[in-house]
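Read the structure below first, then the notes.
The values are calculated or read from the model by the stated rules, or taken from the named source; none is laboratory data. These numbers come from a predicted model, not from an experiment. Positions of Cβ are generated from backbone atoms using ideal geometry, with glycine treated the same way; all protein chains shown enter the neighbour counts.
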Amino acid sequence: MRVRPATRDDIPYILRLEQQSPNAAHWTEQQYRQAFEREGPERLVLVAEAPLESVPETNDDPRSVRMGFLVARHLAPEWELENIVVAESDRRKGTGKRLLDSLLAAARETNSEALLLEVRESNAAAVAFYEKAGFERAGRRKSYYVNPMENAVLYRYRVL
């Protein structure tokens, strides 16, 4: 597996992965396109993909299989993890950790102080993942999410 910067050509795969994950932040195609624009806040979009030799013959893209992606926004001196999705078949295999480690490397390179995120209170797998990675609870937003209505737990990772 490798993690690389995403391109606009990855958007169809990103949308497909996101739509298969009910706990993901659901963005429109236009919102993903905007993540690649130079105007507005700096964003980092990463894709985790399988190496060429492990691509199944039935895959619709002969170059690789996208296993996950991450979108983060940089507002110095902090980064905000806006979305991270790993294909169900690739969960608990290190894909999410590799994506998160790549974001943390970018945060260090930009001399950032912290990485922030929020997660649904009921998303036990994500909560465990972030806490194992060293994130600390920083607060709570009551009724932040809709469909269904739910609280958000805020997390902070001190980079420096």
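Being closer than 23 Å to Tyr155 by Cα, under 12 Å from the mean Cα position of the chain (by Cα) and at pLDDT below 95 is a property that holds for Ala24. Can you name every residue in the stretch 15-37 that is more than 18 Å from His74 (Cβ to Cβ) and not aliphatic (A, V, I, L, M)? Arg16, Glu18, Gln19, Gln20, Ser21, Pro22, Asn23, His26, Thr28, Glu29, Gln30, Arg33 - these are the residues of the stretch 15-37 that are more than 18 Å from His74 (Cβ to Cβ) and not aliphatic (A, V, I, L, M). Scanning the stretch 96-152 for residues that are of a type in the set (Lys, Arg) and not in a helix (DSSP H, G or I) yields Arg120, Arg137, Arg140, Arg141, Lys142. Using the structure shown, decide if Glu49 is at pLDDT below 95, out of contact with any Leu (no Cβ under 9 Å at 6 or more places or on another chain), of a type in the set (D, E, K, R) and crowded, with 20+ Cβ neighbours inside 10 Å. Answer is yes for this residue.
Conditions tested, residue by residue: (1) crowded, with 18+ Cβ neighbours inside 10 Å; (2) hydrophobic (A, V, I, L, M, F, W, C); (3) within 20 Å of Gln20 (Cα to Cα); (4) free of Cβ contacts under 8 Å to residues at least 40 places away in the same chain.
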{"residue": "Ser89", "(1), (2), (3), (4)": "no, no, yes, yes"}
{"residue": "Ala107", "(1), (2), (3), (4)": "yes, yes, no, no"}
{"residue": "Phe129", "(1), (2), (3), (4)": "yes, yes, yes, yes"}
{"residue": "Arg137", "(1), (2), (3), (4)": "no, no, no, yes"}
{"residue": "Tyr144", "(1), (2), (3), (4)": "no, no, no, yes"}
{"residue": "Asn151", "(1), (2), (3), (4)": "no, no, no, yes"}
